[in-house]
Structures are given as C-alpha cells and as structure tokens.
Number of protein chains: 2
Amino acid sequence: MSLKQVFEDIDASYERYKAILAEAVAIDSVSGDPTRRPQTIQMIKWMKERLEKLGAKCTLEDLGHQTVDGKELPLPPVLFGQLGDDKSKKTVLVYGHLDVQPAQKSDGWNTEPFVLTEKNEKLFGRGASDDKGPVLCWAHAIEMLQKHKMDISVNVKFCFEGMEESGSVGLPELLERSKDTFLADVDFVCISDSYWLGTTKPCLTHGLRGITSFKLEVTGIQQDLHSGVYGGVVHEPLQDLVWIMSQLTSVDNRILIPGIYDEVAPMTKEEDELYEKIDFDVSEFRESVGAKKLPTEDKKTLLIRRWREPCLSLHGIEGAFSGAGEKTVIPSKVIGKFSIRLVPDMKPEKVNKMVVDYLNDLWRKRGSPNTFNPRVGHDALPWVADTNDSNFRAGARAMKLVHGVDPDYIREGCSIPITLTFQDLTGKSVLLLPLGAADDMAHSQNEKINKVNYLQGVKTLLAYLIELGKE
Amino acid sequence: MSLKQVFEDIDASYERYKAILAEAVAIDSVSGDPTRRPQTIQMIKWMKERLEKLGAKCTLEDLGHQTVDGKELPLPPVLFGQLGDDKSKKTVLVYGHLDVQPAQKSDGWNTEPFVLTEKNEKLFGRGASDDKGPVLCWAHAIEMLQKHKMDISVNVKFCFEGMEESGSVGLPELLERSKDTFLADVDFVCISDSYWLGTTKPCLTHGLRGITSFKLEVTGIQQDLHSGVYGGVVHEPLQDLVWIMSQLTSVDNRILIPGIYDEVAPMTKEEDELYEKIDFDVSEFRESVGAKKLPTEDKKTLLIRRWREPCLSLHGIEGAFSGAGEKTVIPSKVIGKFSIRLVPDMKPEKVNKMVVDYLNDLWRKRGSPNTFNPRVGHDALPWVADTNDSNFRAGARAMKLVHGVDPDYIREGCSIPITLTFQDLTGKSVLLLPLGAADDMAHSQNEKINKVNYLQGVKTLLAYLIELGKE
C-alpha cells in the first residue's frame, strides 16, 4: 500500500469525517460558560470513546472543582490516552483541546454556530478549526494507518483537555503530578492548535506570545440608577472607567504604559533575516481583516508587532448596558477588561506590577471618589523553539510530502500556554503543527475549517507519525 | 358613606389589589425588547378588559408598525377609554403606561423581576411602581367610588400606552390626530408616572427635564478578531470609542461640550426662593444612592443640577464583550450610548448639532482610520407648569386629605415627554401627581412600590376625582 493510495482513501472518507466533526461541533462545550459545563464534560467523554475504538488505553484525569462567582463548578476531566507501549519505539505526546469559545448566532454568524454547515467547501461551526477539527485529524490519521495495516512507528500518547479557552485551569498541576509517570517516556510533543500565516502555504510555528489579563472594577453607587432622576448628581463609575481605558493605548495601538517595550528581547541578526524570507502579503492581510489602514503597513514591522512585541487589546465592559436599543441607566458597577500579549523576555510578575502601578497612578490623577479595583487575571509566558531539531524536521518532511513545498517557519501572536509547560516538564521539543488557514476565524464569528485543510490535516499528521519513526 | 369609611375599605382591599398588580407584573411587557412585543400587546389588552369591567367604553388605537434592526414589528396599540359623558361635567384625561424597562434576575435583583414579591410591606417587581401600580390605582379608585355609589363628579378619559420606555413611538401622532375628537373636550390632564422627592412627604411635580440620546458607532474591521492573532496590528474600534466617551464629561460629571450650559434659562427670583423651602436632606440622598461623595453636597446646588441643569450619562456599549469571565476578542463594531437631559430653554435641534459637531471634532482630533458614525436618537423637550391653577389645587387638596400635609412643589430630573404633548394639544393644565416614593428604583434593580404608597395612591386619586368636580 503506497502513501498515495492511503491519501486517496483519506479523500474518499470526507463525508464520514465531516459527519464526525458535525457530532463534535454539536456539543456546545463552551468552557467559559458555567451553564455549559455539562456539555464540556460530555465532549471529553465523547472523545474518549473514539480513542478507545482505536485501541487506545484511556483515563479521565479528575481535576476537582473551580469556584466561579461563588459557586463550585466541576472541572472537565483531562483525557489521557496511550496507543502502543513498545519500548523500542519513541513516544510522541499529542495535545489538543475540546472546549470552545462562546458563540451565538446573534453575534453575527451566518449559520448556527453549533451546527456544522458546509458552504463552498468550507465547514462552518464553532470549534471546527479551534480545536475540534485538528483533534479529530489525529484520530482519523491513526484509524487510517490501522485500516491499511501500516506500522505506527512511534507510541502515541494523547492529552486532550476541556479548559483551554478558560486558562487551562488545573492542567499544569496535573501535568506536574504526571511528570514521572505519564510524561516520563515522552520523546516529542506535537500540538495542532495554531494557524498558517496565510491561506495557501503550510507553516511550522516556533514562537508564541504569552498573555496577561486585567479586570478594572469601578463602583460607587449601590445599584443601577435612572439617569433622569440621578443624572448630574452622582459620579458615574462608567465615566471613570472609559477614561481609564482610554489612557492605555495610543491611536496607533501602541501601549502607553511607561517602560513596557524595554522588556522586549533584542532581535538577533539571524532572527532579523528570517523576516525577509517569509511569504506574507500585507495588502491581503489588511483586506482579510477588512481594515482601511493598519497601524503599520510595512511587512517586517507588522510581523514584528504581531509576533515579538507586546500589544494591548480592550475586550469590553461587564455591567454596563450592552443590549440593542436604549436604556437610560447609570450602571453602578462596571468591569473593564483588557489583556496584554507578552513576548520574550517579558515576565508576567514584572509586567503586572508595571500595569497595576500605572493604573493606580491614573486613578489618582482622575481624582474620583468612586472605588477602583484593578485585578490581575490569568497569565501565560511567551515561548520560542529551535526549528532545527528532529521533531521540527519530521514535521517539515510531513508538510512537504502532503503539500509539495517546504513550510514557512513562523511565530504566532497568540498564546498556547501549555506549550511551555510541556517543554519544561518533558525537557523535549514541542512542535506546533498548524492545520488550519489564517482566515479560519478562531474565536470569532463564522469560524470554519476548509475541506482541503481538514483532509490535508489528516494526511499531514499521518505522515508526521511515519516520519517521526525515522528520527 | 363618609370618605373615611371608603378609605377603610381601600385598606381592607389590599390583598385583592396586590393580586391584581401581581397579574400585571407577570406580563413581561418590555417594550424595548423586540422578542417581548407580544407580551406588551397582551398587557394593553389585559388593561382594556379591566376598564371595560368598570363600564368604560374602550378602543384599541392601532399605531401600525416600527422597523427594528431591519425587521417590521407591530407597535402595541394605545388604549383609549371613556367613563361618563355628562356634558355638564368637566372631563379629566388620565395617562399612564403599561410597558416596562428590561429586567433580569442576573442584573442583581433579589427576587424574580416578573414575580411580584412582598417583603417588609414592599411589593417588588418590574413595573410595580413604573407604571403599572399607579395605572391600577386609577382603576381601583373608580371601582371603589362605584362600589360605594359615590358620584364621580367628572368624566374620566383614559390613555394608556405600551411604548413609554421606548420613546412613545407613534403616540404623539395619534394624539395629534385625536386633537379634535378624543382630546377635544378635555379640561384637565393628570399623569401618575413620577416620584416623591423623598420617602415620606407627598409632592406635586411641576417641571421635567427633557432628553436627547446618542449612539456612537465605531467600525473598522469586518468582524471580531482574536486578540492574540491580530492584537497590535489593527486599529481597535473599542480603543477609539472609549476615548471619545471619555471626552464628554469631567470627573465631576459636568458636560465638556462647549456652550451647552449657556442654553439654560436664567433663574427667576421667585424660583430661586422656592429651593430654600423644599424639605430635602442631602446626606439621606447620598446614603440612598450608596455614594461616598457627591459632585456637590449643597442642597440647593444639588437640586438645581438635578432639576434645571443638563447632565450627560454614559449608559454602555453594544458590541463589545459584556459577559462574565474573559474573552480575548477584538470587537469589530461597537456602539457607545449616552444621553443628555434637557432643561428650559435648551432646544433639541440646537443641542444635537452642538453635540454632533463636538463629537466630529473629537474624531478628527483622534485621527483614527476607523469609521465613526454618531447618531441622534429620540428626544423630548423639558416642561415647566403653573402650580396655581385649578388642576394643581385639586391635586394639592387630595394630597392633604390623604396625607394630612400640604405637598411640596418639586421638579423632576427625568423626562415624561408626553406631558408637553398633552399640554400643547389640549391647551389645558397637566398635573403630575406622583404616588411612589423616591426609593422605588424605577429603571433599576429591585423596583418596588410600598404597600402604603399603593393604598394611599388609590385614596389620593379617588380624592382628586372628587376635588376636581369642585373646580
């Protein structure tokens, strides 16, 4: 059986793969929504059954509870699995997540977010690309190797979680506890939870930004008030909050917190040269986001800002009127939310202190009698890897086999905090092997995975497992 | 039958009155929520049946449709009613509204907002005080006069609408059309849709602020983006919006729009003296709103700011993340909402132009390539009345009969735009006769009407109908 014939069988299996992904998308496993915790747990169990059908030995690792708004909420268990236990083979650990970001049709989706819908060879649905599709690619690849009786030349371990979109609560501690057991014999780690730089050329990812997030609570009146009756005679918390939020960035989206850019690692000559080679079209990027103008339109500067500089994004305000129409209310308690992306060598503790000091300075400058409470949320460190190790080489060969071209080596602006945890605990190489295209719209409305990316994804992971056995 | 005995019968009817109010509160007639339009229409029909049981001749005045977010939505009909058609009697027109502000338990209500709940002689529920309770007081008063075979010495007309909380869409036009028919023979107008200045002393209201409202839409990217992937390389609409919103007021909640205070009518000597007499405790007011400090703690200055000066309140932002927890999103389209309260002699057209000019100046100063679209919403004129006419005198005597004290003559910070419409179209006096206490929390969480105010309300309206007959 040649690889070509196996790849043809993968193409022929599309309708079945689609049906399985539809099942997964239909389980609305939004980890950030306490009311959907049962679905998130159900999703983990659903995947356990699939791995067990492939012969993997699986366990559900209990993580206990978390407290959300004063309520105890069970954490989804982590799915550990193992396929093969041949001491003569190396072992690859595969990570993915089965929870998703919130989504509602009214957010601006063209289709029901939890109903996988195919249009123009694109599969739309929350989680289709982030990260249910890629997780299923692993299962499909292994199933195909088994079907065609091809040797899986590495032992495969699985670690699939249900809290990635909510800070992977409990997972780092579980992995820490599993350092000398489940993680002890791992030789490689592979994660498919990022995206190509564009829409056509495959990439391997060797760097990620970290994140640190903040909540700014302003209170001052005991409950929401009628703006006619009380307007003009109270200090409005929302007036204070928007002022504070307005002082964090410049119009060009540069961070105004003094000293924050001084924490960024200087660029090496080697890294500097890397940017020149990368295939990236700024106009195409600008058009893909639908912007009239970007803060920079220079390719290198843009990639640098995206990959190796911090940024600050405002996400929204909790507690103010957010519905359609009008509501003449003075909100009593408002919580502004923003986050800062971290890059080497920024340390969350130091950055958090700089930010909170700056916020408190702003508050003093404001001089409002209201109460200001800046809170630091979860954080994750940035990560950069060596692209010349055996794990990256196997990934690159797999990409070339499937796509016919060498992948670009890119970095990502986003955070996959668990990457660094795996690297630290195993002491081995972590490969980020993205399967989805840049326009898959993870975290956004109309998330999708292209039919071709889904199928090439199965092929790439299958080839990667074969190539790993040669290292 | 003495008035005292009738009043005793009103007190004895409390449980029945409460049950009727509970029925009304249970109909969640939120006019601002398109999905609840059927309930809003149902509420009007429910009231029609009650008036018909009292012998009133009623009609439902069709207002056609409105367009909300591109969808056609039927407007709730206006309920017109008439009880008595004796040409030898004068006619009073009674106005109220049966729609309510939005409310959800999760906003911070201690009880279900649409389940009337009695605690400590207070009846909690959305609409209990604004304005279903007062509307029912009219029905109870008339029922009681009929039960005790007391002459109703005026003809009574009713005008109850279902869109007050959403700008009374269609009502002014209907009244305009009814000027020479339904409104032709009206001698007095009475509205119970405002509040006492405090919690113990009754008031008559002779002034209202108007309102003009604004929506600031900022767009610039075609859909919500992942803040990790796109953070730092797009101009975030929310960063622009909070900056614009931060430039509208000072920390002491004074409006920063140049010239806006120049539009305010100068104070007369007579009016100036009125403030001195009013029974109002600033500390009590500050404590009731739960603030540490107010922008002014001088009684007269505070009442002036509340009644006869404009103010600007920020209500919230549509389109940004507003849920609990974290969402690492860059919102693509955000709409900031604020309103300005108007006082004599401010004209909405002139104020709107000043505001929009200022906003556009700010936007130019900002220099963002995003798209800014400031939109003017509904507006309403301010109103001031003569407290020495027969309508006010009858109201004052009714108050004294029930409460044993002369009422304070106050103004209100909020808008009841229809007041001015009735005054203009009938050419007669409009009396605002508040029944609820200052702490009833209209538009806010835990809205309530006190048991005592509900019962005294029935008595006051009954006495007012009797006293009107003497004028």
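The values are calculated or read from the model by the stated rules, or taken from the named source; none is laboratory data. Given the structure is predicted, the values throughout are model-derived calculations rather than measurements. Backbone-built Cβ (ideal geometry, glycine too); neighbour counts: all protein chains shown.
Quick notes
- Residues satisfying the stated conditions in region A:148-166, i.e. over 15 Å from A:F422 (Cα atoms) and either free of Cβ contacts under 8 Å to residues at least 24 places away in the same chain or not in a strand (DSSP E or B) (or both): A:H148, A:K149, A:M150, A:D151, A:I152, A:S153, A:G162, A:M163, A:E165, A:S166
- Top-ranked residue in region A:401-417 [being away from every other protein chain (no Cβ under 13 Å) and touching a helix residue (DSSP H, G or I) at 6+ places or on another chain (Cβ under 9 Å); ranked as nearest to A:P310 (Cα to Cα)]: A:Y409
- Region B:218-246: number of residues that are part of a loop (DSSP other than H, G, I, E, B) and charged (D, E, K, R): 2
- Some residue of region A:249-263 being among the small types (G, A, S) and surrounded by fewer than 24 Cβ atoms within 10 Å (Cβ to Cβ): yes
- Qualifying positions in region B:297-308 - within 7 Å of another protein chain (Cβ to nearest Cβ) and in contact with a helix residue (DSSP H, G or I) (Cβ under 7 Å, 6 or more places away or on another chain): B:L302
- Only residues that are surrounded by fewer than 24 Cβ atoms within 10 Å (Cβ to Cβ), modelled with pLDDT of 95 or more and not in a loop (DSSP other than H, G, I, E, B) were counted across region B:99-122, and they come to 4.
- Residue, farthest from the chain's Cα centre (by Cα), within region A:149-184, restricted to residues that are among the acidic types (D, E) and at pLDDT below 95: A:D151
- For the criterion of being in contact (Cβ under 8 Å) with a residue 40 or more places away in the chain and within 23 Å of the chain's Cα centre (by Cα), B:T199 passes.
- Candidate set from region B:356-405 (those that are part of a helix (DSSP H, G or I) and hydroxyl-bearing (S, T, Y)); member that is surrounded by the fewest Cβ atoms within 10 Å (Cβ to Cβ): B:S390
- Among the candidates A:V334, A:V329, residue that is modelled with pLDDT of 95 or more and in contact with a strand residue (DSSP E or B) (Cβ under 6 Å, 6 or more places away or on another chain): A:V334
- Conditions (1) surrounded by fewer than 20 Cβ atoms within 10 Å (Cβ to Cβ); (2) away from every other protein chain (no Cβ under 14 Å); (3) closer than 29 Å to B:D107 by Cβ; (4) touching a strand residue (DSSP E or B) at 6+ places or on another chain (Cβ under 8 Å); number of the one not met by A:P38: (4)
- Just one of the listed residues (B:D9, B:D85, B:D62) is away from every other protein chain (no Cβ under 14 Å) and under 26 Å from B:A128 (Cβ atoms), namely B:D9.
- Residue tally, condition away from chain A (no Cβ under 14 Å), part of a loop (DSSP other than H, G, I, E, B) and either crowded, with 20+ Cβ neighbours inside 10 Å or in contact with a Lys or Arg (Cβ under 8 Å, 6 or more places away or on another chain) (or both), over region B:181-217: 6
- For region B:292-331, a residue qualifies if it is of a type in the set (F, W, Y) and closer than 26 Å to B:P237 by Cα, and exactly one does: B:F321.
- Residue list for region A:337-353, filter: away from chain B (no Cβ under 11 Å) and either more than 21 Å from A:W383 (Cβ to Cβ) or polar (S, T, N, Q) (or both): A:N352, A:K353
- Yes/no for B:E412 being closer than 17 Å to B:C137 by Cβ and crowded, with 19+ Cβ neighbours inside 10 Å: no
- Among the residues of region A:354-387, those that are in contact with a Ser or Thr (Cβ under 9 Å, 6 or more places away or on another chain), at the interface with chain B (Cβ under 9 Å from one of its Cβ atoms) and modelled with pLDDT of 95 or more comprise A:N370, A:T371.
- Residue selected from region B:88-121 under the condition hydrophobic (A, V, I, L, M, F, W, C) and within 14 Å of chain A (Cβ to nearest Cβ), by the criterion farthest from B:M47 (Cα to Cα): B:W109
- Test: residue in region A:287-300 that is of a type in the set (A, V, I, L, M), crowded, with 20+ Cβ neighbours inside 10 Å and touching a Pro at 6+ places or on another chain (Cβ under 7 Å): no
- Top-ranked residue of region A:167-180 - restricted to ones that are assigned to a loop (DSSP other than H, G, I, E, B) and touching a Leu at 6+ places or on another chain (Cβ under 9 Å), ranked as surrounded by the fewest Cβ atoms within 10 Å (Cβ to Cβ): A:K179
- Residue, surrounded by the fewest Cβ atoms within 10 Å (Cβ to Cβ), within region A:429-465, restricted to residues that are part of a helix (DSSP H, G or I) and among the basic types (K, R): A:K451
- Summed over region B:41-70, residues that are surrounded by fewer than 16 Cβ atoms within 10 Å (Cβ to Cβ) and polar (S, T, N, Q) total 2.
- Strands (runs of 3 or more DSSP E) contained in region A:1-84 and holding at least 3 residues in contact (Cβ under 8 Å) with a residue 60 or more places away in the chain: A:78-83
- Residue match in region B:85-98 (condition: loosely packed, with under 14 Cβ neighbours inside 10 Å and in a strand (DSSP E or B)): no
- Among residues of region B:406-428, those that are within 23 Å of B:K277 (Cβ to Cβ) and in a loop (DSSP other than H, G, I, E, B), counted: 4
Condition check ((1) at the interface with chain A (Cβ under 7 Å from one of its Cβ atoms); (2) without any contact (Cβ under 8 Å) to a residue 12 or more places away in the chain; (3) out of contact with any helix residue (DSSP H, G or I) (no Cβ under 6 Å at 6 or more places or on another chain)) across all residues:
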{"residue": "B:W243", "(1), (2), (3)": "yes, no, no"}
{"residue": "B:I257", "(1), (2), (3)": "no, no, no"}
{"residue": "B:Y275", "(1), (2), (3)": "no, no, no"}
{"residue": "B:R286", "(1), (2), (3)": "no, yes, yes"}
{"residue": "B:A291", "(1), (2), (3)": "yes, yes, yes"}
{"residue": "B:H315", "(1), (2), (3)": "yes, no, yes"}
{"residue": "B:T328", "(1), (2), (3)": "yes, no, no"}
{"residue": "B:P331", "(1), (2), (3)": "yes, no, no"}
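- If the condition is being under 32 Å from the mean Cα position of the chain (by Cα) and assigned to a strand (DSSP E or B), then region B:321-336 contributes B:F321, B:K333, B:V334, B:I335, B:G336.
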